[in-house]
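Single-structure report; data block below.
Just so you know, all these numbers are worked out from the coordinates, no wet-lab data involved. Note that this is a predicted model, so its numbers are computed, not measured. Counting neighbours? That spans all protein chains shown, and the Cβs are built from the backbone with ideal geometry, glycine included.
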Amino acid sequence: MSRGLFEHLINIEDLDKSVITDIIMDADLFKQNRKKSDVTGKTVALMFCENSTRTRCSFEEAAKKLGMNVINFDATSSSFAKGESMKDTVENLYAIGVEVVVIRHSITGIIDNTLGKINCNMHFVNAGDGNRAHPSQALLDFYTMLETLGTVEGKKVLIAGDISFSRVAKSNIALLNKFGADVHLCSPKYYKPSGIEKLGVTYHDDIEDALKDADVVMVLRVQNERHGNLIYPSTAEYKRKYNINSKNFKLAKESAILMHPGPVNRDVELSSELMDSDVGKTILRQTKNGVFVRMAILNKILSSGRAE
């Protein structure tokens, strides 16, 4: 993908560093109220086929701030419930004037599959597909890190929790590696991702060892809804060994920032005490920054992208 051409946001791996940098710069300008919308009056459909609070509301607020028309697509009351295919649904949305569709779906690769079938110039934004990717979350996390650290190059970024089933982890690893971060993962071995030797990360299964001298601590929840029939040790056992709290967080650097993409399972992966402290305020800043990053994504796709 060349600079200035931004047709879809499906995977972080698809983006050049220059495109990521452009998005972050635009997000910062939107946050400072120094950039105007280029897409006023255009239409976005929010197609969330899985539960969501932060991402769906964030995209809706971003679109409204840009002056866009927003269609909230309810899969349970749509023609999906009658058996309509994603191809036909998307083409009909395009026919009524939708130019970009934001999709969250439990099926990995649903957007790639749909792109290969449709006959219209629709733009797509992946708001989470299966356990593969959540690129807009990685972008807003990156922006939040840069606000505090200035750069991630050479910084120790720890991602801790249910790594194997986390699309947030996968997108963050891909982005952080592009910008030279020292990425560390920590999880029980049963949540260790396969093919980890190819990810360019350092793996730990001991949380105290992993926390030492971290610049960023990103905590993930246990993805129970993605485990299917797999059976893992109890929540109490996970909490005993991997809960991050005020005591063990002190092993990170004094200036370390605490992050979580949400929703938080309080007192499981993260203690309420730490979450509600000043250190935990970064989590709400992530949510706030998500609006500006998603403004930048929608604005860039619709003002410079060219679907073919």
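Filter the trypsin sites (Lys or Arg not before Pro) in the stretch 58-121 to those in DSSP coil with at most 11 other Cβ atoms within 10 Å of their Cβ, and list the result.
In loop regions of the stretch 58-121 (DSSP not H, G, I, E or B), there are no sparsely surrounded trypsin sites (Lys or Arg not before Pro).
HN-Hα J couplings of the stretch 102-116 from phi, Karplus 6.51/-1.76/1.60, θ = phi - 60°, integer Hz, Gly and Pro as x?
3J(HN,Hα) across the stretch 102-116, in whole Hz: 9, 10, 10, 8, 6, 8, 5, x, 4, 6, 4, 5, 5, 4, x.
Loop-only check: which chymotrypsin sites (Phe, Trp or Tyr not before Pro) in the stretch 5-58 are DSSP coil with at most 13 other Cβ within 10 angstrom?
Counting only loop positions with at most 13 other Cβ atoms within 10 Å, none of the chymotrypsin sites (Phe, Trp or Tyr not before Pro) in the stretch 5-58 qualifies.
Kindly flag which residue pairs out of 64/281; 117/288; 17/198 have an alpha-carbon separation exceeding 29 Å in this structure.
Pairs exceeding the cut-off: 117/288.
With each run of n ≥ 4 DSSP H residues scored as -39500 (n - 2.57), what mean residue ellipticity at 222 nm is computed for the chain after dividing by its residue count and rounding to the nearest 500 deg cm²/dmol? Don't jump to the answer; show the numbers that get you there.
Numbers: 10 runs with 111 residues, N = 308.
Calculated mean residue ellipticity at 222 nm is -11000 deg cm²/dmol.
Given Cβ point charges of +1 (Lys, Arg) and -1 (Asp, Glu) and nothing else, what value in debye, to the nearest 20, does the dipole of the stretch 115-238 about its Cα centre take?
580 debye
Return, ordered by residue number, the residues of the stretch 180-205 whose backbone nitrogen is under 16 Å from a label point located 7 Å along Cα→Cβ of residue 17.
Answer for the stretch 180-205: 180-183.
How high is the FRET efficiency between residue 96 and residue 190 when r is their beta carbon distance and R₀ equals 51 Å, given to the nearest 0.05?
With R0 = 51 Å, the Cβ-Cβ based efficiency is 0.65.
What FRET efficiency do you get for residue 284 and residue 112 if R0 is 35 Å and r is their Cβ-Cβ distance, rounded to the nearest 0.05?
0.60
Show the residues, 5+ positions off or on another chain, whose built amide H is closer than 5 Å to the amide H of residue 71.
44, 45, 46
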